[in-house]
Amino acid sequence: MSNPSSDQLYDLVITGATVLTGAPAGHVIDDAVIAVSNGRFARIEPAGAIGAPLRARRTVHLPGRVITPGLVNVHTHANLSMVRGVAEDLGFAPAYTPGIPQGHMVTPEEAYAIARLGALEALLFGSTLINDTFVHADIVTPAMAEIGLRVWSCGRIHDVDFSGVSVGRWDYVDAIGEKTLQDAIDLAERFEGKSGGRIGVQLAAHAPDTCSTPFLRRIARAAEETGLRVTTHLSQSKVELARIRERDDKSPPELLDEIGLLNERLTAAHCIHVSDSDIARIGKAGIHVAHIAKGNATGATIAPTHKLRAAGAKLALGTDNMHADMVEVMRWALAVGRIQLGAVTPDWQPATVFEMATMAGARAMGLEEEIGSIEVGKQADFVAFDFRQPHLTPATNPLGNLVHVAQGRDVELVAVGGEVMVEGGRPTRVDAEAIRRDAAAAIAALWKRAREG
Ligand SMILES: [Zn+2]
């Protein structure tokens, strides 16, 4: 705890709200005072513990609101908002699906417009960090970060020719691999720490089947050389399993383990189709699993969450190509976890999924000292939900309401690094309607080309 003097002038003070600090997940402070200085939390105390009102450049009184740490979405593709309302019903990941717009079809201008839509949606719903991978990362990364949230980004790294994958052809091309990997390394050199420190990079190896085995080794070397963390899709589909079995006579986790990528610096999305020995391997390695609770359940699959957790895997949450409401994802994670157990137990409670959406996400990003909870000294990333609404009344247990009842649309204010990026449910730095209009036009053009083949 800092030792604040009574005449200190804070940059921002928030009063009147109930705060779920996330440290630990069930901790609640009613009628709290949050003071922010130099972008970081300087004080978090009950109002009763503070004598005279704190002096601040700006004070915002938020009675009836519930404040949480910023939500951390560890696996998403903002650009895939282009296939929303359709991809959810095709039963498979968009990259493997014919007849819909694909990443290799997206122009830089279109990527810019659509990524901003996805990032804006995420921010408005209370995500203060997204780990986003897709295409044209050099253009979309700063464009998304400008909107106000933290963007950990990377172009997808692969040596497969994606134009064949959706029609069942896996052609590996050295030049594609070299370019996508070099682009990722260049991205980190150019942008890491930029946009007020809101940009970071993880090496996004797309998936075991879309990277050849020699190329996966090359990525592992690059991760060692650069010190960058790695993110991937893992054991996402039976197609991936069949490809790796045919190609390497291994399971995807076995392959990544042999190559040296299966470790605590890896965040792997999905981990659905895993055997008991895969689960043991994943757990022993201590990887972070991006549990895509809503997206996978919608696709009629789900990761074996209990077994993974019991084995030692660390579960965080992601939206993947579904819409970017992490509140809804918490709710799905709770529900599917209970369905898998066939009971309501202490294994899956609101605090469990709240922790997954906050601190576990921060750990997956290697940022647990900086974000993920409302604690003195950490970056002041927080979200105020407006609980003064019929569906959130009564708030007998605010955390229970947040997970069972609230929606991303209940977010009223979002701060990132102490700067208010959303106020009154509107972005403070960008024109939401212009972003929506530009993205809609770009997506319409893409669908037209996809339909024309
Ligand atoms: Zn994904």
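If a residue has to be of a type outside the set (S, T, N, Q) and either farther than 24 Å from Asn401 by Cβ or assigned by TED's automatic domain parsing to the domain that holds Thr141 (or both) to count, how many in region 41-65 make the cut?
Quick first cut of region 41-65, residues of a type outside the set (S, T, N, Q) only: 41-58, 60-65.
Subset that is either farther than 24 Å from Asn401 by Cβ or assigned by TED's automatic domain parsing to the domain that holds Thr141 (or both): 42-43, 49-58.
The total comes to 12.
Of all strands (runs of 3 or more DSSP E) completely enclosed by region 195-247, which ones contain at least 1 residues that are within 16 Å of the ligand (Cβ to nearest atom) and under 15 Å from Gln182 (Cβ atoms)?
Passing ranges, in order: 203-205.
Filtered by the rule that a residue be of a type outside the set (Gly, Ala, Ser) and touching a helix residue (DSSP H, G or I) at 6+ places or on another chain (Cβ under 7 Å), region 353-369 gives Val353, Phe354, Met356, Glu368.
Would you be able to say whether some residue in region 336-357 is within 19 Å of Gly295 (Cα to Cα), assigned to a loop (DSSP other than H, G, I, E, B) and either open to solvent by less than 40 Å² (accessible area, probe 1.4 Å) or among the aliphatic types (A, V, I, L, M) (or both)? Yes, the conditions are met somewhere in region 336-357.
When the residues of region 139-173 are filtered to those that are charged (D, E, K, R) and under 19 Å from the mean Cα position of the chain (by Cα), which remaining residue is most open to solvent (accessible area, probe 1.4 Å)? Across region 139-173, the extreme among qualifying residues is Glu146. Among the residues of region 257-270, those that are more than 13 Å from the ligand (Cβ to nearest atom) and either touching a residue at least 12 places away in the same chain (Cβ under 8 Å) or open to solvent by less than 50 Å² (accessible area, probe 1.4 Å) (or both) comprise Asp257, Ile259, Gly260, Leu261, Leu262, Asn263, Glu264, Arg265, Leu266.
Of everything in region 401-426 that is among the aliphatic types (A, V, I, L, M) and part of a loop (DSSP other than H, G, I, E, B), the residue that is most open to solvent (accessible area, probe 1.4 Å) is Val405. A search for C-beta distances below 7 Å between a residue of region 237-256 that is in the same structural domain as Asn296 (by TED's automatic domain parsing) and under 19 Å from Pro214 (Cβ atoms) and any residue that is surrounded by fewer than 20 Cβ atoms within 10 Å (Cβ to Cβ) and of a type in the set (A, V, I, L, M, F, W, C), counting only pairs 6+ apart in sequence or on different chains, returns Arg243/Trp170.
Test of understanding: among His323, His273, which residue is surrounded by fewer than 24 Cβ atoms within 10 Å (Cβ to Cβ), at pLDDT below 95 and within 16 Å of the ligand (Cβ to nearest atom)? Please lay out each step first, then the result.
On the way: His273 fails: at pLDDT below 95.
Result of the check over His323, His273: His323.
One residue alone among Ala310, Ala297, Ala303 is surrounded by 23 or more Cβ atoms within 10 Å (Cβ to Cβ), free of Cβ contacts under 8 Å to residues at least 60 places away in the same chain and in the same structural domain as Arg218 (by TED's automatic domain parsing), and that residue is Ala303.
Just the residues that are hydroxyl-bearing (Ser, Thr, Tyr) and assigned to a loop (DSSP other than H, G, I, E, B), please, taken from region 284-309. Within region 284-309, just Thr301 meets the criteria.
The values are calculated or read from the model by the stated rules, or taken from the named source; none is laboratory data. Remember, it's a predicted structure, so these values are computed and weren't measured experimentally. Every residue, glycine as well, gets a Cβ built from its backbone with ideal geometry; the counts of neighbours run over all protein chains shown. For accessibility, only protein heavy atoms count, side chains too; no ligands or nucleic acids. Shrake-Rupley method; radii C 1.70, N 1.55, O 1.52, S 1.80 Å.
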